[in-house]
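To start, the structure itself, in structure tokens.
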Amino acid sequence: MYLTPTEEERLRVFAAAELARRTLARGLDLSAPEAVAIVCDEMHLAARAGSTYEEVLEAGRGAVPAERLIRGVAELVPEIRLEVLLDEGSRLVVLRDPWGSA
């Protein structure tokens, strides 16, 4: 099977997000890479489902509650940048302050 670089990246995001979801299921708080992976995965899924740019941002913002992060993670990640495929084409989504003001 041949995957394009974009498809390979999407697969890596999915795998990291699934590992992070297992961490959450065990009752543990998330590190920065784990939290970012879930946010990115949810934004990819929203875009795939036909959401608008603003809806993709909201999907990312609601993906991981701030109280499920290891202390300091919210301050460590001021924004998340992700390229998603929307109905109108590929767009860069910039989610600023993903967990609210630290």
* Structure fact -> Using alpha-carbon positions, the gyration tensor of the stretch 61-102 gives root eigenvalues a ≥ b ≥ c; with a/c under 1.5 called rounded, otherwise prolate if a/b exceeds b/c, else oblate, the class is prolate
* **Heavy-atom surface of the chain, accessible at 1.4 Å and reported per residue (Å²)** => 64
* Could you check how much of the accessible area of the chain is carbon and sulfur, as a whole percent, using a 1.4 Å probe? => 55
* **Using alpha-carbon coordinates, inclination of helix 32-48 to the longest axis of the chain, degrees** => 40
* Could the peptides 2-13, 42-53 be put in order, highest first, of the mean number of other beta-carbon atoms found within 10 Å of their residues? -> 42-53, 2-13
* To do: Note down the magnitude of the dipole of the chain about its Cα centre, charges +1 on Lys and Arg C-beta and -1 on Asp and Glu C-beta and zero elsewhere, to the nearest 20 debye.
  => 340
* Asked: Packing-wise, with mean Cβ within 10 Å as the measure, how do 14-21, 86-93, 74-81 rank, highest first?
  -> 14-21, 74-81, 86-93
* How would you classify the chain from its alpha-carbon gyration tensor, with a ≥ b ≥ c the square roots of the eigenvalues: rounded for a/c under 1.5, else prolate if a/b is greater than b/c, otherwise oblate? -> oblate
* Structure fact -> The ³J(HN,Hα) series, computed from each phi in the stretch 54-60 with the Karplus coefficients 6.51, -1.76 and 1.60 at θ = phi - 60°, rounded to the nearest Hz and given as x for glycine or proline, is 5, 5, 5, 4, 5, 4, x
* Return the sequence-ordered ³J(HN,Hα) values of the stretch 20-25 in whole Hz as given by the Karplus equation 6.51 cos²θ - 1.76 cosθ + 1.60 applied to θ = phi - 60°, using x for Gly and Pro. => 5, 5, 5, 4, 4, 4
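The values are calculated or read from the model by the stated rules, or taken from the named source; none is laboratory data. Bear in mind that the values here come from a model prediction, so they are computed numbers and not experimental data. As a convention, Cβ positions derive from the backbone with ideal geometry for all residues, glycine included, and neighbour counts pool all protein chains shown. Side chains are part of the model used for accessible areas, which takes the heavy atoms of the whole protein and leaves out ligands, DNA and RNA. Shrake-Rupley method; radii C 1.70, N 1.55, O 1.52, S 1.80 Å.
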